[in-house]
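The structure under discussion appears below in the form of structure tokens.
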Amino acid sequence: MASQTLGVAPLDEHNLALLEQVHPPEWTNPEPVGRYNLVVVGAGTAGLVSAVGAAGLGAKVAIIERDLMGGDCLNFGCVPSKAIVATARANASLRAAGRYGIEVPVGARVKFAAAAARMRQLRASIARNDSASRLRNLGVDVYFGAARFVATDAVEVNGKRLTFRRAAIATGARAATPPIPGLLETGFLTNETVFSMTELPARIAIIGGGPIGCELAQAFSRLGAGVTLLEAAPHVLVREDRDAAIAVEEALRRDGVAIADNCKILHVEERGAEKILRIESDDLQSEIAVDEIVAGTGRVPAVADLGLEAAGVEYDRINGIYVDDYLRTGNPRIYAAGDCASTLKFTHLSDAHARILLRNALFHGRQRVSALTIPWCTYTDPEVAHVGLSEEDAARRGVSITTFAQPMAEVDRAVLDGLTEGFVKVHVRTGTSQIVGATIVAAHAGEMISELTLAMTAGIGLDKLSGVIHPYPTASDAIRSVANQYMRTRLTPFAAKLFKRWFAWTR
């Protein structure tokens, strides 16, 4: 097995343990017998949930994986990145310990090699949930190799033909390569290779100020690298609420990240041991010398070389596989789920897609993707979590909203913890208590957003949240404070006058 092909390095004890679970070197593919109820192509989140769910219901199921089971999330995304982010946060807390009356010994520093080894060890331990042996024990036939559709009801892998009643394409996405002159020749890292580092480069340029770029920029800066973040837009996190994006950009700068907004990268080249980026920002050209470049410009659907034409499945290399609201492709036997068939590329959305796919593909269900309420979170410090419409979204769609906001600096728990950056912002449809969107910027925004997601999903209005009792003191009490603001708007001047007269009369 070529580790370069599978993208796993270094081959230490932790990564060998990972490979033993997600691509066992001695694995023997089963012999297909009869027709499968469901063949799943791709063993990332969407594929695994689909396969395990179908097998648990009694279906005859096969799953095919070309590289590593667990997909991007386990191997190159959520799991390794959050392990590195955790180390970076711990180091930032150590540096700030003086604010809490703690004297930190001089000379405390990060050992990046140890932090990277910790990440690899944790990733290998989590990999048990996605392992080939676990799926086999659950009744799923696991095949390793490149899948290729050869008919509208058949797929081949390593010369073996699998026929199916239904198929699910869940091949995920790959790191995008920015079209920058000289970048390929100079060399660069992506989220698929950056977590193979065992030493931290002294100077890093990160291309792209989206979630990947911002998380990595802050983490590497906190770990001791000199980081420059290059973003083509006027500010980072352009998909987020503008106030949230500005808050994150300010936090990144405080952590030592140099940010070039409105930046165009004109050319990249090597000069000796250095990598040189010629950039133009605000009409001024300059050069940046770094030791490593990381491209964090997003991901593109992994749809090449699948034989989709033979299966009657329409797709393109930019948007991925075309599906309807029920996740059906143009071939009624074949469905697609997750990053290969969605503009939003989140692990939790892939999980939700798989559950819809199971109902619709196996039981003629009619569940719609458009009915989902999808939150997301960027794990910077502070975190940014969002669900539903932003103010900009509402304006574009012509939805009249009223916004209520609570600064975290006025929340007792945030003050006591020294984590006062950020806010809770909730939008309701004007004249009602219906929540149509929310953004939270806070240390643990990702944990807090679920209360508002539940309210939106269940049709619970902001007025009802004012009656939810939160333990005191907690950061999530900020949500109740926002709800209380809404309740105060219901006290009209006329009603206030009546109450005043009532209390005067009853004294």
*Length released on extending from residue 57 to residue 417, taking residue separation times 0.36 nm less the Cα-Cα span*: 124.9 nm
*Looking at the square roots a ≥ b ≥ c of the eigenvalues of the Cα gyration tensor of segment 379-500, which shape do they give, rounded for a/c under 1.5, prolate if a/b is larger than b/c, or oblate?*
oblate
*What residues from segment 201-235 fall in the zone where the backbone N is under 12 Å from a label point 7 Å along the Cα-to-C-beta line of residue 104?*
222-224
*What accessible area per residue, rounded to a whole number of Å², is obtained for the chain using a probe radius of 1.4 Å?*
46 Å²
*How big is the charge dipole of the chain about its Cα centre, in debye rounded to the nearest 20, if each Lys and Arg gets +1 on its Cβ and each Asp and Glu gets -1 on its Cβ?*
2100 debye
*Compute the separation of the alpha-carbon centres of segment 26-75 and segment 301-343 and state it in Å as a whole number.*
17 Å
*Can you send over the carbon and sulfur percentage of the accessible area for the chain, probe radius 1.4 Å, protein chains only?*
53 percent
*Name the aspartates and glutamates eligible as straight-distance cross-link partners of residue 275: C-alpha to C-alpha under 16 Å, and not fewer than 8 places from it in the same chain.*
185, 287, 291, 292
*Two-site label geometry, residue 343 and residue 117: point separation in nm, points 7 Å out along Cα→Cβ*: 4.6 nm
*Quickly work out the residue 318-to-residue 282 label distance, labels modelled 7 Å from Cα along the C-beta direction, and quote it in nm with one decimal.*
3.1 nm
*If the chain between residue 464 and residue 184 were fully stretched, how many nm would it gain, using 0.36 nm times the residue separation less the Cα-Cα distance?*
95.3 nm
*Between residue 86 and residue 137, what is the spin-label point distance in nm, taking each point 7 Å from the Cα along the Cα→C-beta axis?*
2.3 nm
*Treat every Asp and Glu Cβ in segment 378-507 as -1 and every Lys and Arg Cβ as +1, leave all other atoms uncharged, and give the resulting dipole magnitude about the Cα centre to the nearest 20 debye.*
1120 debye
*What is segment 39-137 by shape, rounded, prolate or oblate, if you read a ≥ b ≥ c off the alpha carbon gyration tensor as root eigenvalues and call it rounded for a/c under 1.5, prolate for a/b larger than b/c, and oblate otherwise?*
prolate
*Sequence-distant aspartates and glutamates (8 or more away, or on other chains) whose Cα lies within less than 12 Å of residue 345*: 72
_Students often get this wrong, so try it: which of (i) 47; (ii) 35; (iii) 52 is percent of Cα pairs over 33 Å apart as calculated from the structure shown?_
(i)
*Show that you can apply the helix-only estimate: for the chain, add -39,500 (n - 2.57) for every DSSP H stretch of four or more residues, divide by all residues, and state [θ] at 222 nm to the nearest 500.*
-10500 deg cm²/dmol
_Solvent accessible area, Å² - residue 27, 1.4 Å probe, full protein context_ = 50 Å²
*Under 1.5 on a/c is rounded, so check that first for segment 177-306, then, if it is not, pick prolate when a/b is larger than b/c and oblate when it is not; a ≥ b ≥ c are the square roots of the alpha carbon gyration tensor eigenvalues.*
rounded
*Arranged from highest to lowest average of other beta-carbon atoms within 10 Å per residue, in what order do the peptides 86-93, 230-237 appear?*
230-237, 86-93
*Peptide ranges 472-482, 455-465 listed from the most packed, as the mean C-beta count within 10 angstrom indicates*: 472-482, 455-465
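The values are calculated or read from the model by the stated rules, or taken from the named source; none is laboratory data. If you're wondering where the values come from, they're calculated on a predicted model, not measured in any experiment. Every residue, glycine as well, gets a Cβ built from its backbone with ideal geometry; the counts of neighbours run over all protein chains shown. We work out accessible area using only protein heavy atoms, side chains counted, and drop any ligands, DNA or RNA first. Shrake-Rupley method; radii C 1.70, N 1.55, O 1.52, S 1.80 Å.
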